[in-house]
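**Q** Submitted below is the structure of interest, expressed as structure tokens.
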Amino acid sequence: MNLHAVRAIYLFEMARTWRTLMQSIFSPVISTSLYFVVFGSAIGSRITEVNGVPYGAFIVPGLIMLSLMTESVSNASFGIYFPKFTGTIYEVLSAPVSATEVVLAYVGAAASKSIILGTIILATASLFVPLHIEHPLWLVLFLLLTALSFSLFGFIIGIWANGFEQLQFIPMLIITPLTFLGGSFYSIDMLPDFWRTVSLFNPVVYLISGFRWSFFGAADVDVAISLGMTLVFLAADLIIIGWIFKTGYRLKN
């Protein structure tokens, strides 16, 4: 394991975050705070509790997951796409650095940024509503697995994309809608039976449900199923990335 190479790429990617704090940290936090104020005030005045949890506190896990998923994908996809765009990716590929080390550095940096952001949003939310985390270790586990899974997914998108438009296509038109429809601001148990069944085909439901369970001990889906679906998504990402480096898909041509 070439730890020097991993450390160099990781620190380079993290340095970009500190140079663009407004875009990388403050902007997502402000946007999430606005979601919290608008949804918490507008809907919270009509729905006081969901599954015995005050509505203001109920939406906190969903808001954190919304930011965590979108930022993980965005950070990882841009991190690997920009070297492709400038041509510096060939220097990385020709260096004595393995595919595992490249993925570890880029994905590790993207996941670190997202986890930092998620932690800041959690701290910000605690200023608005009292929060009690029943299963802190499970919270950390879901936070890490979600950040890692979506950073790997973003890495795949960054390699697949041939332009900045494609880079934004999947996060904006697929991930964000799935997150909103995945129970971020409501419980899927509130839906009619047909639409609840349809919602179970949305993979984001399981991520949000498991993360919410770590807060309140209550969830729409059994926590074991949520964890299993998260691990399946993680494994699928790893298989695709392994195939990309084995074939050189959009890297060596």
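The values are calculated or read from the model by the stated rules, or taken from the named source; none is laboratory data. Being a predicted model, the structure only gives us computed values, none of them experimental. Glycine also receives a Cβ, built like all others from the backbone with ideal geometry; neighbour counts cover every protein chain displayed.
**Q** Filter segment 80-124 for residues that are outside any helix (DSSP H, G or I) and free of Cβ contacts under 8 Å to residues at least 40 places away in the same chain; which is surrounded by the most Cβ atoms within 10 Å (Cβ to Cβ)?
**A** Ranking the qualifying residues of segment 80-124, first place goes to 88.
**Q** Among 73, 38, 50, which is at pLDDT 85 or above and among the β-branched types (Val, Ile, Thr)?
**A** 73
**Q** Which residue out of 63, 127 is surrounded by 19 or more Cβ atoms within 10 Å (Cβ to Cβ) and in a helix (DSSP H, G or I)?
**A** Matching residue, one of 63, 127: 63.
**Q** Filter segment 55-89 down to the residues that are in contact with a strand residue (DSSP E or B) (Cβ under 7 Å, 6 or more places away or on another chain) and not hydroxyl-bearing (Ser, Thr, Tyr) and list them by number.
**A** If the condition is that a residue be in contact with a strand residue (DSSP E or B) (Cβ under 7 Å, 6 or more places away or on another chain) and not hydroxyl-bearing (Ser, Thr, Tyr), then 58 is the only one that fits.
**Q** Do any residues in segment 205-223 that are within 17 Å of residue 233 (Cα to Cα) have Cβ atoms under 7 Å from those of residues that are in a helix (DSSP H, G or I) and of a type in the set (Phe, Trp, Tyr), where the two are at least six apart or on different chains, and which pairs are they?
**A** Final answer for the pair search is 210/142; 211/142; 221/206; 223/213.
**Q** Further question: Sort out which residues of segment 1-15 are surrounded by fewer than 11 Cβ atoms within 10 Å (Cβ to Cβ) and in contact (Cβ under 8 Å) with a residue 24 or more places away in the chain, and write them in order of number.
**A** Answer for segment 1-15, where residues must be surrounded by fewer than 11 Cβ atoms within 10 Å (Cβ to Cβ) and in contact (Cβ under 8 Å) with a residue 24 or more places away in the chain: just 1.
**Q** For residue 220, state whether it is farther than 23 Å from residue 80 by Cβ and assigned to a helix (DSSP H, G or I).
**A** no
**Q** Taking helices (runs of 4 or more DSSP H) that do not extend beyond segment 149-199, which have at least 1 residues that are within 24 Å of residue 211 (Cα to Cα) and at pLDDT 85 or above?
**A** 176-180, 193-199
**Q** Something else: Would you mind telling me which numbered condition in (1) surrounded by fewer than 18 Cβ atoms within 10 Å (Cβ to Cβ); (2) under 19 Å from residue 63 (Cβ atoms); (3) of a type in the set (Asp, Glu) residue 220 fails?
**A** Failed condition: (1).
**Q** Could you count how many residues in segment 179-199 are under 17 Å from residue 221 (Cβ atoms) and either in contact (Cβ under 8 Å) with a residue 60 or more places away in the chain or surrounded by 14 or more Cβ atoms within 10 Å (Cβ to Cβ) (or both)?
**A** 14
**Q** Next up: Could you tell me whether segment 155-178 includes any residue that is without any contact (Cβ under 8 Å) to a residue 12 or more places away in the chain and among the small types (Gly, Ala, Ser)?
**A** Yes, the conditions are met somewhere in segment 155-178.
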